[in-house]
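Asks: If you scroll down you'll find the structure; I have some questions about it.
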Amino acid sequence: MVYRPVGPSPANSLASVESAKGLSEMINRYMRVGTGAAILLLLTAIWGCGGGGGGAAARFATVEGQCYDAASPTVAVGRAVVTEMSTGRSTTADAAGNFTLGQLPGGLLTLQVTGPARAAYKQTLVGVQCTVGQVTQVQVGLVPAGVADPAQVTISPRNMTVQTSVSRQFDAVVKDANGNTLPIHPTWTVTNNIGEITRLGVLTARNTTTMPLTGQVMATAGLATDAVPVTADPAGPPVLTNFVLSPLTLGHNGGTVSMSAQVEDGDQIADRGTPPGPVLDPEPPGQSPAPAGYDGVADIVATVRSRGTGATITILVPLVTTGDARFGHYQTTYSVPANSTSVGPTGDQPAEQYDVYLTATDALGATSAPTSALVLSVHGVVGPPPPAF
């Protein structure tokens with residue numbers, strides 16, 4: 001769902017009051033009642049019809065959107081009837097499913113959407129957050145008549161904090177009254193202008209730079225709906241989650257471990273390269289390719305610290321998912337050396353342990369707090385048994 005301001009346009013100008021001929025006739029009609037009264041009546045008519053700098057646009061909200069088949073989201077549904085319930089204002093979508101419904105109040109409104117033929121699609125109710133003076137866009141999925149009535153919609157995850165400009169996926173399961181999962185996609189909307197969401201549930205958080213903005217992501221199928229809280233947070237230091245180190249124990253000869261994590265940052269994670277440096281990944285338009293020592297791929301840093309000696313090494317963990325470096329999965333492998341601790345008088349060699357943690361730096365130089373350390377153990381060897389007496 002997208003919001004955009006309504007600015008001056010031909011539809012909001014004097015020319016939109018009537019045609020040129022009709023406007024001339026209106027002026028002549030008002031002039032018959034006297035100059036002062038004529039001016040007053042004419043200005044009243046113009047302002048009431050949306051002239052005078054877009055007065056009508058400033059007083060009302062508008063909804064634009066497209067209707068599509070909830071079972072096949074790429075298929076448009078034309079000629080659907082869209083009605084706003086509190087005002088009764090109604091419009092009919094064109095053959096491509098596109099519609100515009102104006103002169104609406106602000107606030108959380110309910111749209112009733114009926115398919116072009118009642119036998120083809122079920123009626124759908126959709127909640128839409130509207131703002132006076134702005135256009136709100138919404139994609140409405142109509143449930144085919146051959147699908148059982150949706151009785152329950154469940155969104156996952158159940159709550160989320162998303163950094164500015166980061167895109168995150170929401171999913172929803174739609175079930176009928178018997179608990180059977182229905183093969184349809186719900187209609188996705190948001191409240192409080194927290195961002196834009198696609199018909200497949202991908203939310204891009206609104207660019208808020210001063211304070212967190214809270215709202216809801218809503219999913220509707222037929223007459224069933226669900227909503228979850230979402231916070232759009234100004235971009236700060238990177239946020240690392242789902243840190244995995246596997247395996248956590250190795251034999252005395254060492255071996256290979258895998259380390260991975262998810263990282264979110266609205267300013268994008270930097271290409272650390274060698275040496276580290278704040279190079280955006282991917283490079284924005286007009287920026288030259290990554291300099292020597294950089295590979296153009298965002299990296300986070302793993303630190304491996306020996307508990308015995310305190311020695312540390314750092315490892316670059318690159319982005320392995322497609323897309324930009326605002327939200328992604330990072331993964332690499334590391335070859336752990338054999339246990340090097342000293343063998344005791346009895347011939348036993350204690351385990352060698354390491355603390356492993358991750359940090360991330362974004363393109364503006366903000367660095368995350370380290371993750372909680374995971375402990376990696378390399379087994380020692382057991383000495384020979386004592387002689388028997």
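The values are calculated or read from the model by the stated rules, or taken from the named source; none is laboratory data. These numbers come from a predicted model, not from an experiment. Glycine also receives a Cβ, built like all others from the backbone with ideal geometry; neighbour counts cover every protein chain displayed.
Asks: Would you mind telling me which numbered condition in (1) in a loop (DSSP other than H, G, I, E, B); (2) in contact with a Phe, Trp or Tyr (Cβ under 9 Å, 6 or more places away or on another chain) residue 339 fails?
Replies: The single condition residue 339 does not satisfy is (2).
Asks: Within the stretch 152-161, is there a residue that is surrounded by 16 or more Cβ atoms within 10 Å (Cβ to Cβ) and not in a strand (DSSP E or B)?
Replies: No, the stretch 152-161 contains no residue that is surrounded by 16 or more Cβ atoms within 10 Å (Cβ to Cβ) and not in a strand (DSSP E or B).
Asks: Of 136, 92, 35, which residue is touching a Lys or Arg at 6+ places or on another chain (Cβ under 9 Å) and at pLDDT below 95?
Replies: Checking each option against the conditions leaves just 136.
Asks: Quick one: what pairs do we get from the stretch 239-254, first residue without any contact (Cβ under 8 Å) to a residue 24 or more places away in the chain and farther than 15 Å from residue 302 by Cα, second among the hydroxyl-bearing types (Ser, Thr, Tyr) and assigned to a strand (DSSP E or B), C-beta under 9 Å, 6+ apart or different chains?
Replies: Note: pairs meeting the criteria are 247/258.
Asks: Could you tell me whether any residue of the stretch 88-111 is touching a residue at least 60 places away in the same chain (Cβ under 8 Å) and under 30 Å from residue 207 (Cα atoms)? Quick ask: steps written out before the conclusion?
Replies: First pass over the stretch 88-111, keeping only residues touching a residue at least 60 places away in the same chain (Cβ under 8 Å): 108.
Restricting the remaining residues to those that are under 30 Å from residue 207 (Cα atoms) gives 108.
Yes: the stretch 88-111 contains one or more residues that are touching a residue at least 60 places away in the same chain (Cβ under 8 Å) and under 30 Å from residue 207 (Cα atoms).
Asks: Filter the stretch 170-215 down to residues that are of a type in the set (A, V, I, L, M) and part of a loop (DSSP other than H, G, I, E, B) and give me whichever is surrounded by the most Cβ atoms within 10 Å (Cβ to Cβ).
Replies: 194
Asks: Would you point out the residue of the stretch 79-98, among those that are surrounded by 17 or more Cβ atoms within 10 Å (Cβ to Cβ) and of a type in the set (Gly, Ala, Ser), that is nearest to the chain's Cα centre (by Cα)?
Replies: Only one residue tops the list, namely 97.
Asks: Filter the stretch 224-236 down to the residues that are surrounded by 18 or more Cβ atoms within 10 Å (Cβ to Cβ) and of a type outside the set (D, E, K, R) and list them by number.
Replies: 224, 225, 230, 232, 235
Asks: Another question, then. Inside the stretch 322-364, can you point out the residues that are β-branched (Val, Ile, Thr) and either surrounded by fewer than 13 Cβ atoms within 10 Å (Cβ to Cβ) or in contact with a strand residue (DSSP E or B) (Cβ under 7 Å, 6 or more places away or on another chain) (or both)?
Replies: Matches in the stretch 322-364: 322, 332, 333, 336, 341, 346, 356, 359, 361.
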